[in-house]
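Encoded as structure tokens, the structure appears first; notes follow it.
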Amino acid sequence: MLIDTHCHLDFKDFDPDRQEVIDRAREQGIERIVNVGSSLEGTEKSIELSRKHDFIYSSAGIHPHEADRTGSKELELFGGLLGAGKVVAIGEIGLDYFRNLASRDNQEKLFRKMLDLAKEKDLPVIIHNRDAHEDTLHILKDTMGCPVNGVMHCFSGDAAFLERCLDIGMLVSFTCNVTFKKVGRLREAVKLVPIDRLLLETDAPFLAPQAFRGRRNEPAYVRFLAEEIAGIKGIDFEEVARVTTMNAKRFFGI
Ligand code: NI
């Protein structure tokens, strides 16, 4: 049994066959799914999905890409969603200096507001960080203190950054891009993460595993990631499944 701790089944990519994708996940032993909100509307849809399916949980978050168009009205509406049952985390939230779709100033303001909400509601955080290592860690420590009850999603840093994330108590999660060819640094990071600090995610519809590269990803494919991680770490698939599932249940309280 596996848990996909981060996917976006609310995206329109799944409009034609959402139910089949969800059925396939269940048939293939995906025990739980955390569907991740990345906008106000996305969070509403995500909560809706969690209400419809007993094995789907939801996070609530506004992605840094949305920072320029998130005002006080949106934040108020967002705050009203957090009481809904099955909201198990705040995310994905963070900073993106790679695509820079919103100003850095607004990204930081939004990130801090989201972290304050997480503290207030006592929920873990799911962090998106692209090319913003220093600012992300600084803001996290500044608002949350230490340890940080959060996961660094779709880990993409080097060994030194990994160590700093682990040092402040974070979990680290990897996506199916670990299965790609020529991802030496990523495989090295997988080796270095203690298995009790590791989560599995697909980030579907993005980053389908090597066997389906370029196509749409889906929660059932988290199995390919678990197999790859077992190979890299030299442990049994069952052990990867057992421990990462336990980690996810503990982290999200599900
Ligand atoms: Ni995501």
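Where a ≥ b ≥ c are the square roots of the eigenvalues of the C-alpha gyration tensor, would you call the stretch 1-45 rounded, which needs a/c under 1.5, or, failing that, prolate if a/b is larger than b/c, or oblate? Present the calculation step by step, with values, prior to reporting the outcome.
Working: a/c = 3.34, a/b = 1.43, b/c = 2.33.
Oblate is the answer for the stretch 1-45, as a/c is 1.5 or above yet b/c matches or exceeds a/b.
Note on the chain: dipole from Cβ charges, positive end direction compared against G231, A248, T136; the farthest Cα belongs to G231. Each of V222, V21 was scored by other Cβ atoms within 10 Å of its Cβ. Listed from fewest to most, they are V21, V222. Annotation: amide H-H contacts under 5 Å for A132 (H modelled 1.01 Å from N, sequence separation of 5 or more, or interchain): Y97. With only Cα atoms counted, the stretch 19-108 has Rg and Dmax values of 14.6, 45 Å.
If you place +1 on the Cβ of every Lys and Arg, -1 on the Cβ of every Asp and Glu, and leave all else neutral, what size is the dipole of the chain about its Cα centre, to the nearest 20 Debye? All intermediate terms of the calculation are to be shown ahead of the outcome.
Numbers: 35 positive and 41 negative charges, 53 e Å.
So the dipole magnitude of the chain works out to roughly 260 debye.
Cβ crowding within 10 Å, taken as a proxy for footprinting-reagent exposure, orders K182, K141 from fewest neighbours to most as K182, K141. Counting only residues at least eight positions apart within a chain, or on another chain, the lysines with an alpha carbon under 27 Å from that of K141 are K86, K109, K113, K119, K121, K191, K249. Relative contact order, whole percent, for the stretch 49-204 stands at 18, derived from Cα pairs under 8 Å and 6 or more residues apart.
Among H138, H6, H65, which comes first, then next, by fewest other beta-carbon atoms within 10 Å? Provide the component values of the computation, followed by the final result.
Numbers: H138 12, H6 29, H65 16.
Going from sparsest to densest Cβ surroundings: H138, H65, H6.
Residues whose amide H lies under 5 Å from that of L200, counting only those 5 or more places away or on a different chain, are T5; hydrogens are built 1.01 Å from N in the peptide plane.
Only the coordinates and a few stated rules stand behind these numbers; no lab work does. Since this is a predicted model, take the numbers as computed values, not measurements. A quick note on method: Cβ atoms are made from the backbone with ideal geometry, for glycine too, and the neighbour counts reach across all protein chains shown.
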